[in-house]
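First the structure, in the form of structure tokens, and then the observations on it.
The values are calculated or read from the model by the stated rules, or taken from the named source; none is laboratory data. Only a predicted model underlies this, so the values are computations on that prediction, with no experimental measurement involved. Cβ placement follows ideal geometry from the backbone for every residue including glycine, while neighbour counts extend to all protein chains displayed. What goes into the accessible areas is simple: the full protein's heavy atoms, side chains included, and nothing from ligands, DNA or RNA. Shrake-Rupley method; radii C 1.70, N 1.55, O 1.52, S 1.80 Å.
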Amino acid sequence: MLKNKTILVIVPARGGSKGVKLKNIQPIMGVALVTLVGQVVQRLPYVDRAVVSTDHPEIARISQEAGLDVPFLRPEEISGDIISDWQVLHHALLATEAFDQKTYDIVVMLQPTCPLRKPEHVTDCVEKLIQEGCDAVWTVSETDSKSHPLKQLTFANDHLDYYDSRGAGIIARQQLTPVYHRNGAAYAITRECLVDQKSVKGKKTSGVIISEPLVSIDTYFDMEFCEFVIQKYYGGKLF
């Protein structure tokens, strides 16, 4: 509990990842991704409950060993490739509340695919949600100007074009307004936003900007790069 708000951590970890088989239990520096989430949660004393939403028994087993609860298995109908975060979080919230016979004020989503998150990233997100009365707060990183939307192109039917026609007027990066992308470190969302607004991004959503290097795991190269970042920038240790 933090500032009289009950807090439920939900860790989405399905077994059907395509780019990397059973991605959520692949090791980074010898530690499974979902186990790294458990290590972060152990450093968040205000968390009332932390559950994993998975459809895979081996992920469930490793999650439990990491100190995360698995009170239910995710139903097949929300375990596919094109399932929204809202569907997963909404199901997990209601299923956990039914199991615990209580309601939670805030849901925090911690995806295993962001292994470089720090406990303070999560805390900053939750505290901002409460202090500013937001519906949701996401952690974000500034997008490198080389990947700015106005510098993106489309290539279809052998024709190259600007993704956004305004890109034709961009000469120097100084013309670009900074944009940000979700980095997956943490999402803090109120129960009202999930249940009543039926969204992970409510009417009042803010962000916490993280400047440290983060890596989102989608490929084997991402895993190798993540270990390089840990060695290069964090002295071989995450905490």
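Structure notes:
- Cross-link pairs beyond the 26 Å C-alpha cut-off, checked among Lys5/Lys201; Lys3/Lys102; Lys151/Lys203; Lys23/Lys232: Lys151/Lys203
- The angle separating the long axis of helix 220-233 from the principal Cα axis of greatest extent in the chain is about 90 degrees.
- Global form of the range 158-228, assessed from the alpha-carbon gyration tensor, a/c cut-off 1.5: oblate
- Across the chain, the fraction of Cα-Cα pairs farther apart than 28 Å, rounded to a whole number, is 36%.
- Spatially proximal aspartates and glutamates relative to Lys21 (Cα-Cα < 12 Å; intrachain offsets below 8 disregarded): Asp218
- Amide H contacts under 5 Å for Leu22: Ser17, restricted to partners 5 or more places along the chain or on a different chain, H placed in the peptide plane at 1.01 Å from N.
- Label-point gap, in nm, between Tyr234 and Leu176 - each point 7 angstrom along Cα→Cβ: 2.6
- Looking at the chain, the accessible area is 52 square angstrom per residue; that uses a 1.4 Å probe and ignores ligands, DNA and RNA.
- Accessible carbon and sulfur surface of the range 103-213 relative to its total accessible area, %, 1.4 Å: 48
- Working note: Karplus 6.51/-1.76/1.60 with θ = phi - 60° gives the range 184-197 the couplings x, 5, 6, 10, 10, 9, 6, 4, 4, 5, 5, 7, 8, 7 Hz, where Gly and Pro are set to x.
- Comparing Gln174, Val140, Cys193 along the charge dipole axis of the range 130-198, the residue lying farthest to the positive side is Gln174, per the Cβ-charge model.
- Percent accessible area from carbon and sulfur atoms, the range 1-84, protein chains only, probe 1.4 Å: 50
- In the range 195-239, trypsin sites (Lys or Arg not before Pro) in a DSSP loop with at most 14 other beta-carbon atoms within 10 Å: Lys198, Lys203, Lys204, Lys237
- GNM result for the chain, Cα springs below 10 Å: residue of Ala50, Ala95, Ala188 fluctuating most strongly: Ala95
- Rounded to 10°, Cα long-axis angle of helix 119-131 versus longest principal axis of the chain: 90
- Helix 85-100 axis, angle to the chain major axis (alpha carbon atoms, nearest 10°): 10
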